[in-house]
Amino acid sequence: MKIAMGNDHTAVEMKKVIREHLEEKGYEVVDLGTDSSESCDYPEFGEKVGRAVSSGEVDYGIAICGTGVGIGIAAGKVKGVRVCTCSEPYSARLSRMHNNTNVLTFGARVVGPEMAKMIVDEWLDHTYEGGRHERRVAQLMDIENR
Ligand code: RB5
C-alpha cells in the first residue's frame, strides 16, 4: 500500500518518525516534503498530499503541520479527499470506519511521536464499513458537485 506524506517546517522531525514507522510496517511512502526547517507555507504540502490521493497515485495521505488544521484544510479542498484531523486514536479509527477518510492530519505541536504512531496505526488498521454510512458519505461527496 502506498501512502503520500507531506508536512511544513514544524513537522520535519515528526514526518521522519512516522515515515520510518510506516516503512517498518511495510508501507511504501511517497514523501512530498518539506525536509527543510526553513519557514514555509502549509497549503502547498496539503494540496500535494490531496492531489496524490485524488489522482490515485497513492492509496492514502498523511499530512502534518503545527496543529494539523491548516494542512488538513488545504488537503480537503482537493476533489475526492475526505480528511480526518485528530489528536487521538478513537476519532482516527471511526473516521475510517464511518467516514471513509483518505487523508489523516495531525499536529506536530499537539501530539508526541508515540501518540502520533498510535493515531496512524489505528487509522490504517481499520476499513470502511459501508452499509448505513454509504448514503452519508455520498452526501458528503455530492457537496463538491454543487
Ligand atoms: C505554522 O506556524 C503553523 O501555523 C502551521 O504549522 C499550522 O499549525 C497551521 O495550521
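The values are calculated or read from the model by the stated rules, or taken from the named source; none is laboratory data. No experiment lies behind these values; they were computed from the predicted model shown. Cβ coordinates were reconstructed from backbone atoms using ideal geometry, including for glycine residues, and neighbour counts include every protein chain displayed. Calculation scope for accessible area: heavy atoms of the full protein, side chains included, ligands and nucleic acids excluded. Shrake-Rupley method; radii C 1.70, N 1.55, O 1.52, S 1.80 Å.
Using a 1.4 Å probe and counting only protein heavy atoms, arrange I71, I143 so the residue with the most accessible area comes first. Mind dumping the intermediate values first?
Numbers: I71 0, I143 100 Å².
Final ranking, largest accessible area leading: I143, I71.
For segment 1-143, the solvent-accessible area with a 1.4 angstrom probe is 49 square angstrom per residue. Result for the chain in a Gaussian network model with C-alpha springs under 10 Å: among G56, G46, G70, the largest mean-square fluctuation is at G56. Here's the picture: charge each Lys and Arg Cβ at +1 and each Asp and Glu Cβ at -1 in the chain, and of A52, M14, V137 the one pushed furthest to the positive end of that dipole is V137.
Computed over the chain with a Gaussian network model linking Cα atoms closer than 10 Å, the most mobile of G107, G26, G131 is G131.
The number of Lys pairs in segment 1-88 with C-alpha atoms less than 18 Å apart, excluding pairs fewer than 8 positions apart on the same chain, is 10.
So, counting K/R as plus one and D/E as minus one, what does the shell of residues with Cβ under 14 Å around E144 add up to?
Summing Lys and Arg as +1 and Asp and Glu as -1 gives +3.
Carbon and sulfur: what percent of the chain's accessible surface (1.4 Å probe)?
Numbers: 3490 of 7320 Å².
So the carbon and sulfur contribution to the accessible surface is 48 percent.
Between K16 and K79, take the C-beta separation as r, use R0 = 35 Å, and let me know the FRET efficiency to the nearest 0.05. Let's see the in-between values first.
On the way: r = 30 Å, r/R0 = 0.85.
After rounding to 0.05, the efficiency reads 0.70.
In a fully extended conformation the segment linking E134 and E114 would gain 3.9 nm over its present Cα-Cα distance, using 0.36 nm per residue.
The charge dipole of the chain, taken about the Cα centre with unit charges on the Cβ atoms of Lys, Arg (+1) and Asp, Glu (-1), comes to about 600 debye, rounded to the nearest 20.
Between I143 and S87, take the C-beta separation as r, use R0 = 41 Å, and let me know the FRET efficiency to the nearest 0.05. In this case the efficiency is close to 0.95. Helical runs (DSSP H, four residues minimum) scored at -39500 (n - 2.57) apiece and divided by the length of the chain put the mean residue ellipticity at 222 nm at -13500 deg cm²/dmol.
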